[in-house]
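One structure is given below, encoded as structure tokens.
The values are calculated or read from the model by the stated rules, or taken from the named source; none is laboratory data. In this text the structure is predicted, and so the values were computed from the model without any measurement. All Cβ positions, glycine included, derive from the backbone under ideal geometry; neighbour counts span all protein chains shown. Heads up: the accessible areas ignore ligands, DNA and RNA and are worked out on the full protein's heavy atoms, side chains in. Shrake-Rupley method; radii C 1.70, N 1.55, O 1.52, S 1.80 Å.
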Amino acid sequence: MSKKDYYETLEVAKGATPEEIKKSYRRLAMKYHPDRNQGNAEAEARFKEINEAYEVLKDEQKRAAYDRYGHAAFEQGGGANPFDFNFGGGFGDIFSEVFSDFMGGGRRGARNSAGKEGENLRYDLEISLEDAYNGLEKTISFPTEKVCDKCNGFGTQDGKEPPLCTACHGSGRVHRQHGFMIMETVCSECGGRGRKLKDACPECRGEGTVPYTKELKIKIPAGIDDGTRIRLSGEGIPGTGGGRNGDLYVFVSIKQHKLYMREGADLLAQVPVSMACAALGGTIEIPAVDGHKIEVKVAAGTQSGQRIKIKNEGMPKMRSVDKGDLWVEFRVETPVNLNARQKELLEEFRALSGDDNCQPAEKSFFEKIKDLFAA
């Protein structure tokens, strides 16, 4: 009985990319896995076919031989059996490679050495809008760890690098097979270190690091936005045994400003104006974020909620020489606590308003609803 074409088995085209082959294998392996199809001999046979095909097509040289000679390339001494259940290769390696995302977050490189990677740290930094406008350099201090001086980060009493763990061969992980299922767990012999620690350092108790408060000068660029995350590579918890340091992530938040609200690179200021100024027009001054005075003209007849734009008075745009704009929104105030003379003048103004067009919105409104009263 002739074997099924490997590309057909994996349900991909002959010209499929390695990523497409891997994705299809992953999908089919999950579908026909014996643990999901217990007692189903057909699914078990299909699962074996899928792994056999993937073992060949995932390897560039094996794939090239298969494309040229077909199955004959792996028969009668033409090549190694592509399907092998031993942990030294075949299915064990395939499963570990393809399903590594489910068994450790894709950090397989860290397991292949005795080094332990340092953890990432987070620092929350609150700054003013003025600081975000101008940019600043700031020294921050935060609790972290440093490599233990007594043991040089090895965690040993004598300060020397401990020998590799014979159980996991320095990877810190071990594999166990239960039927078709391969389980990956932390090595119990070394606790995931990859090296067998006999006598622990009394200073760090075998951890390789000790508590430490670190000071660091950081630069905040002009125009930085609220919620921006700054990554400082290698400034987190130090790695031990040759492992890489973790990173420091600075999360920047901007305090609420007394006058300005931010909308991207633009600024918005809600400015109160008197009824007289709104009606007759005038000029007001407001302070810019950097301290200089901005002269704002109020047009005669300005309505409450009306906005005007002042170009280039907004926030700096990061990695650019441009700035956003300033929007001024007028809030017309109704006078309160009037004295007798002010009331008299307003009564006179109301009497003079009559049917003229000095209050067009009010006139238009009542014209729209007069039919409702007639009904």
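Going by the structure shown, is VAL271 over 33 Å from the mean Cα position of the chain (by Cα), β-branched (Val, Ile, Thr) and surrounded by fewer than 16 Cβ atoms within 10 Å (Cβ to Cβ)? Here the answer is yes, as VAL271 does meet what is asked.
Okay, residues lined up against (1) closer than 30 Å to MET315 by Cβ; (2) not small (Gly, Ala, Ser):
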position	(1), (2)
CYS187	no, yes
ARG205	no, yes
ILE218	yes, yes
ALA222	yes, no
ARG229	yes, yes
GLY234	no, no
GLY242	no, no
HIS257	yes, yes
ALA278	yes, no
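Residue-by-condition table, conditions (1) in a helix (DSSP H, G or I); (2) modelled with pLDDT of 85 or more:
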{"position": "GLY15", "(1), (2)": "no, yes"}
{"position": "LYS23", "(1), (2)": "yes, yes"}
{"position": "GLU44", "(1), (2)": "yes, yes"}
{"position": "ILE50", "(1), (2)": "yes, yes"}
{"position": "GLU55", "(1), (2)": "yes, yes"}
{"position": "HIS71", "(1), (2)": "yes, no"}
{"position": "GLY77", "(1), (2)": "no, no"}
{"position": "ALA80", "(1), (2)": "no, no"}
{"position": "GLY92", "(1), (2)": "yes, no"}
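Quick check on the range 323-339: of everything there that is in contact (Cβ under 8 Å) with a residue 24 or more places away in the chain and not in a strand (DSSP E or B), which residue is least open to solvent (accessible area, probe 1.4 Å)? Of everything passing the filter in the range 323-339, GLY324 is least open to solvent (accessible area, probe 1.4 Å). Test each condition in (1) over 22 Å from LYS323 (Cα atoms); (2) in contact with an Asp or Glu (Cβ under 6 Å, 6 or more places away or on another chain) for ASP247 and report the one that comes out false. ASP247 satisfies all of (1) over 22 Å from LYS323 (Cα atoms); (2) in contact with an Asp or Glu (Cβ under 6 Å, 6 or more places away or on another chain) except (2). Kindly evaluate GLY236 against the criterion of being surrounded by 15 or more Cβ atoms within 10 Å (Cβ to Cβ) and at positive phi. Spelling it out, it is not the case that GLY236 is surrounded by 15 or more Cβ atoms within 10 Å (Cβ to Cβ) and at positive phi. Of the numbered criteria (1) in contact with a strand residue (DSSP E or B) (Cβ under 7 Å, 6 or more places away or on another chain); (2) open to solvent by 50 Å² or more (accessible area, probe 1.4 Å), the one ALA288 fails is (2). Listed here are the strands (runs of 3 or more DSSP E) enclosed by the range 177-295 that have at least 3 residues being over 26 Å from LYS311 (Cβ atoms) and touching a residue at least 12 places away in the same chain (Cβ under 8 Å): 181-186, 209-220, 229-232, 248-254. GLY242 falls short on exactly one of the conditions (1) at negative phi; (2) open to solvent by 60 Å² or more (accessible area, probe 1.4 Å), and that condition is (1).
Scanning the range 194-224 for residues that are polar (S, T, N, Q) and surrounded by fewer than 20 Cβ atoms within 10 Å (Cβ to Cβ) yields a single hit, THR213. In the set (1) part of a loop (DSSP other than H, G, I, E, B); (2) exposed (fewer than 13 other Cβ atoms within 10 Å of the Cβ); (3) modelled with pLDDT of 90 or more, the condition left unmet by SER2 is number (3).
Tell me whether the range 312-320 contains one or more residues that are out of contact with any Phe, Trp or Tyr (no Cβ under 9 Å at 6 or more places or on another chain), among the polar types (S, T, N, Q) and open to solvent by 80 Å² or more (accessible area, probe 1.4 Å).
The initial filter retains those residues of the range 312-320 that are out of contact with any Phe, Trp or Tyr (no Cβ under 9 Å at 6 or more places or on another chain), namely 312-313, 317-320.
This time we only want the ones that are among the polar types (S, T, N, Q), so: 312, 320.
Applying the additional criterion that residues be open to solvent by 80 Å² or more (accessible area, probe 1.4 Å) yields 312.
The answer is yes; a qualifying residue exists.
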